[in-house]
Amino acid sequence: MIRPTNPYSGPPRGTGHLSRPVEQLLDRTGGIVSTRELAAIGVDPTTLELYRDRGSLQAVRQGWHCHPTVPGVVRLAWRFGGPLACVSALAYYDALDRGDPIDEQTIGTALHVCLTDNSIGPPTPALLARRWGIAEPREPVVHWSTRAHRSGDRRAVCRAVALRQADRCERRAVDGSGALRR
């Protein structure tokens, strides 16, 4: 009889096997955490790699990770640089209120994303598609505001901010003015 050299292979992939401090951090941050935050609670690079290898955490952009239950549209927003904003955030909240899953069809229009004022521009859709092995998304509508970026959880700006953004966004679309700011 041949015995395996390692009889215990750990939990199956994607079972969410995480340490208690990591689970608590994910609960506080909407399921999206930075590598720096993980290091602050004692997750070393090897453990982080094991979490990602087992499917307990997924990379969403350099230095950022999420729980596998985070909706794909939220992961896409973070790949562009931040949380859902404007009409995308409102669609997210409406889907939550109804208990429906959210995806790109729920959003309906171009993805609206909030980036901090000092962020570099979002990557191009073609670069995201190549880097992450996904279908090429549409170009996002970017809302630049550090205050709005921090207003909600990491999945979406808060409802009140999203309503203000949607109002301004609609007015700018009608009058054809330039880039969206605050």
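Quick note: the coordinates plus some simple rules give every number you see, no bench work behind them. Just so it is clear, the structure is predicted and the values come from calculations on it, not from any experiment. Virtual Cβ from ideal backbone geometry, glycine too; neighbours counted across all protein chains shown.
A few comments on the model shown:
- Built amide H within the under 5 Å cut-off of Val141, gap 5+: Leu111, His112, Val113
- Put simply, the amide H of Cys158, placed in the peptide plane, has neighbours under 5 Å in Ser151, Gly152, leaving out anything fewer than 5 places away on its chain.
- Ascending count of other beta-carbon atoms within 10 Å, so fewest first, for Ile120, Ile41: Ile120, Ile41
- Ranked for footprinting exposure by Cβ neighbours inside 10 Å, fewest first, Leu84, Leu50 give Leu50, Leu84.
- Linear extension gain, Arg171 paired with Gln24, 0.36 nm per residue minus alpha-carbon span: 48.9 nm
- The range 72-175: relative contact order as a whole-number percent, Cα under 8 Å and 6+ apart: 35 percent
- Taking 7 Å steps out from each Cα toward its Cβ at Thr124 and Glu136 produces label points 0.9 nm apart.
- Per-residue Karplus couplings for the range 71-88, computed as 6.51 cos²θ - 1.76 cosθ + 1.60 with θ equal to phi - 60°, are listed in order as x, x, 5, 6, 4, 4, 4, 5, 5, 7, x, x, x, 4, 9, 6, 5, 5 Hz, Gly and Pro entered as x.
- D_trans [Stokes-Einstein, Kirkwood Rh over alpha-carbon pairs] for the range 20-66, 4 °C, 1.567 mPa s, µm² s⁻¹: 125 µm²/s
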